[in-house]
Each structure stands twice: as C-alpha cells, then as structure tokens.
Amino acid sequence: MSTSTGSTKLQVDLRRHLREEGVEPNLAHLICELAEASKYIVNAIRTGDLGVAGTSNLYGEEQLALDVLSDRILIKRLTHSGVVSNIVSEENDGVIPVSMDCAGKYAVAFDPLDGSSLVDVNLAVGTIVSIYDGCDLLQPGRNQAGALYILYGPRTTLVYSVGNGVHEFNMNHLMEYTLTRSHIKLKPSADLYSPGGLRNCYTEGTRLFVRDLEERGAKLRYSGGFVPDINQLLIKGQGIFFYPHLTNAANGKLRVLFELNPMAYLVEQAGGMASTGTERILDICPEEPHARAPVFIGCSEDVLRAQEFIAKHG
Ligand code: AHM
Ligand code: MG
C-alpha cells in the first residue's frame, strides 16, 4: 500500500504504520526490534549452515544449526531492547528473565524457526511471536498485547496485530518492511483445508469432518509448515488448518504458547476462530511453557462444524 504526495509514491513502512496506528511506543519498539532481528535470520536461512547443531531441545528433537542461531539472534536483540521483561522460546527450557522491572515492559514467547525440518528441501519456514504486557507468560492467550509472524518464503513477509486488525508487510530490496495489505479479513467459510497429523491416527470426529470437507469440494493445501499454512488462509481470505487430537497424542503436536496463541490471536483479529475442538484456544491457561493442544483454526463456520463433529463423534 502506498500514499501519493504529488508525483512521489511513499511506501508505508512498519515503523510509520505503528506510529500512525497509535501503537504504544514500547510495543512499537519491540515489534521493530523483531523486524530487525528477522533480517539476520533471513540471511542465515539464505546462506547459513543447514546441518545439525549437535544438540537437542527439551522435546528430544535434534536441533539444526539454524534453530540455534535464530534463537540466539532473537534472544540477543530482545535482551538489549530495553522493553522486554521475560522471554520464553520453543528452543529453550524455562523462562529467560531479562528485567525484574515489569512496568511498561513486555513478556515475549517465540518459536524462532518453526518448521525448520523443511529448510533442507527449501520450503517456507517462519518465526512466530506472542507478546504480553508485564512479566507473566502463563496466562490465557486472549490477554496477548500483540502477535506476529515472519514468513521466510520466496519473499519475506511480516504479519502483525496489536488488536487493530491484521496487517501484512513485505520485505523490499533494502530489507525494509512495507505495508502490502491492511485489515485482512477471513470469509465465514472455506474451500481450502490444511490437515496436519497422521490420518490413520485421526479420531472418528476428525475423520468425518474431513469427509464432510471433501464432499463440499474443499481442496487440500498443506505445506507442512505452520507459518506458510496459516499465512495461506489469511492472505487467501479463507481456509481451515487443523492439527487435531490423535489416537496416539491426545494434545496433538503444536505448542500453545509459541504456536497456537499467536496464530489464534491473528486469526480471530481477522474474523476467524481457533478451537481445540472443544474450547477456544485463547481461553486455555497453560500450566507450563511447553504445553500442547489440538487445533482447528480458520474460517468460523468450518471451525464450528469441526466442533460439532467432535462433540458427536469424539
Ligand atoms: P517444529 O516447531 O518442531 O518445527 O514443529 C512444528 C511444525 C509445524 O510447522 C507444522 O504444522 C507441524 O510441525 C507439522 O508436523 P508434522 O511433522 O507432524 O507433519
Ligand atoms: Mg514450532
């Protein structure tokens, strides 16, 4: 999006957008710091070591050098931002305290490089960030002060909301983020679906929901990366993504703090819904930072239909 002044077209960059939207200055600063950090992550993805780091995270998953580097880039930037109280990262166990003084500061949860197992095959990956006022990270996602993700695909884009609608920015050749879509909205129902998890581990409710989607003519569009899959539904203005409860994993795979809360916040801001199948994602009060939950997220009518199938068939 651009504004004209005489013959010159001015791109609205992220900083200016935050200022014009009246975003609280420390929060605006935090979002700009995250945008700055993402430039180093882009560079690492483009040119860095794609091998393993030789370490594993607390889930016992092998960490890639890129997971570790992206995590370090974000922690360093946020630690020195002056506006962060606590940090929790998908790649680290426990909370990283930054400042004892919570006033005017923000607690931040992030997944530094979601979908990093897709990097070797050159598919899209992303950074996901959830932001709370003060110090507390273990609270329902509905209390988020803001959320954003950065998608590293053929282009790098940043999508954020601080409760003022959902806005998309593209990184240009100068590595600046300029506004490309504002007030993104989802239609009530979808004809695209992105099904995560092994189908032979689906419960009856999810199986019948998928059959219903297919009978309605919905097309399967699943990349295997949560950020590109959610970005697809926001930018196309329709879709439903699910990583459901499975017969061998009652809470599915995705993490409430780092993955589900920020995406649920963005999708609700766009007029969609996000549910575990039985309750609103943003109402979950996680007991520990790495809690997981099943998710059905996207167009509201489809999420409601998923809930009906699960209520009837489990
Ligand atoms: P990660 O945080 O270890 O990268 O895992 C999250 C990713 C999501 O991007 C994606 O939706 C999901 O895992 C795919 O899981 P699966 O490998 O079971 O298909
Ligand atoms: Mg992840």
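What relative contact order, as a whole-number percentage, does region 82-154 give when Cα pairs under 8 Å and 6 or more residues apart are counted?
Values: 149 pairs, mean separation 20.5, N = 73.
Computed value for region 82-154: 28 percent relative contact order.
Per 20 Å bin, what is the whole-percent P(r) computed from every C-alpha pair distance within the chain?
34, 58, 7, 0
Loop only per DSSP, at most 16 neighbouring Cβ atoms within 10 Å: give me the GluC sites (Glu not before Pro) in region 30-82, ordered by residue number.
The qualifying sites are Glu61.
Over the chain, with a Gaussian network built from C-alpha contacts below 10 Å, which listed residue (Gly115, Gly252, Gly60) shows the highest mean-square fluctuation?
Judging by the Gaussian network model, the answer is Gly60.
Explain nothing, just compute: Karplus ³J(HN,Hα) = 6.51 cos²θ - 1.76 cosθ + 1.60, θ = phi - 60°, for every residue of region 140-157 in order, whole Hz, x for Gly and Pro.
The phi angles translate into x, x, 5, 7, 4, 7, x, 8, 7, 9, 10, 9, 9, x, x, 10, 9, 10 Hz.
Report the relative contact order of region 14-181, percent, no decimals, based on alpha-carbon pairs under 8 angstrom and at least 6 residues apart.
Computed value for region 14-181: 16 percent relative contact order.
Tell me what the chain gives for mean residue ellipticity at 222 nm when only DSSP H runs of n ≥ 4 count, each as -39,500 (n - 2.57), the sum divided by the residue total, rounded to 500 deg cm²/dmol.
Calculated from helices alone, the mean residue ellipticity at 222 nm is -9000 deg cm²/dmol.
In sequence order, what are the phi-derived ³J(HN,Hα) couplings for region 126-131 according to the Karplus relation 6.51 cos²θ - 1.76 cosθ + 1.60 with θ = phi - 60°, rounded to whole Hz, with x for glycine and proline?
Each residue's phi maps through the Karplus curve to give x, 9, 10, 9, 10, 10 Hz.
Please go through the residue pairs Lys76/Lys185; Lys185/Lys312; Lys185/Lys219 and name each one whose alpha carbons sit more than 26 Å apart in this structure.
Lys76/Lys185; Lys185/Lys312
Which residues' amide hydrogens lie under 5 Å from the amide hydrogen of Val295, considering only partners 5 or more residues apart or on another chain, with H built in the peptide plane?
Tyr243, His245
Could you work out the relative contact order of region 192-313, using alpha carbon pairs under 8 angstrom and six or more residues apart, expressed as a whole percent?
31 percent
Going out from 0 in 5 Å bins, what whole percent of all Cα-Cα distances in region 14-181 drops into each bin?
In order of increasing distance, the bins hold 2, 9, 19, 21, 21, 15, 10, 4, 0, 0 percent.
Can you give the FRET efficiency to the nearest 0.05 for Tyr222 and Lys312, using r as the Cβ-Cβ distance and R₀ = 30 Å? Spell out each step's value before the answer.
Values: r = 25 Å, r/R0 = 0.83.
The computed FRET efficiency comes out at 0.75.
For Arg15, what is the net charge nearby, where nearby means another residue's Cβ is under 15 Å from its Cβ and Lys, Arg count +1, Asp, Glu -1? All intermediate terms of the calculation are to be shown ahead of the outcome.
Details: positive: Arg16, Arg19, Lys39; negative: Asp13, Glu20, Glu21, Glu24, Glu33, Glu36, Glu176.
Around Arg15, the surrounding residues sum to -4.
Show the residues, 5+ positions off or on another chain, whose built amide H is closer than 5 Å to the amide H of Gly252.
Those qualifying (amide H under 5 Å, at least 5 residues apart or on another chain) are Leu246.
How far is it, in nm, from the label point at Asp93 to the one at Glu21 when both lie 7 Å from their Cα along the line to the Cβ?
My value for the distance between the label points is 3.7 nm.
Taking the Cβ of Leu78 as the centre, find all other residues whose Cβ is under 13 Å away and add up their charges (Lys, Arg: +1; Asp, Glu: -1).
On the way: positive: Arg72, Lys76, Arg77, Lys105; negative: Glu33, Glu36, Asp71.
Combined, the nearby Lys, Arg, Asp and Glu give +1.
For region 169-182, take each phi angle, set θ = phi - 60°, evaluate the Karplus expression 6.51 cos²θ - 1.76 cosθ + 1.60, and give the result in whole Hz per residue in order, putting x for glycine and proline.
Karplus values, whole Hz, x for Gly and Pro: 10, 9, 7, 8, 5, 8, 6, 9, 8, 10, 5, 10, 9, 10.
Please calculate the 1.4 Å probe accessible area of Met273, with all protein chains present, and give it to the nearest 10 Å².
Roughly 50 Å² of Met273 is accessible to a 1.4 Å probe.
Which are the unpartnered cysteines of the chain, meaning those with no other cysteine Cβ under 4.7 Å from their Cβ?
So, Cys32, Cys201, Cys285, Cys299.
Compactness ratio of region 192-313: Cα Rg over 2.2 N^0.38 Å, N = residue count?
Against the empirical 2.2 N^0.38 Å value, I get 0.95 for region 192-313.
Once you've got the GNM for the chain with C-alpha springs shorter than 10 Å, pick whichever of Thr55, Thr79, Thr127 has the biggest mean-square fluctuation.
Thr55
The values are calculated or read from the model by the stated rules, or taken from the named source; none is laboratory data. Computed from a predicted structure; not experimentally measured. Glycine gets a Cβ as well: all are built from the backbone with ideal geometry, and neighbour counts include every protein chain shown. Just so you know, the surface numbers come from the protein's heavy atoms only, side chains and all, with ligands and any DNA or RNA stripped out. Shrake-Rupley method; radii C 1.70, N 1.55, O 1.52, S 1.80 Å.
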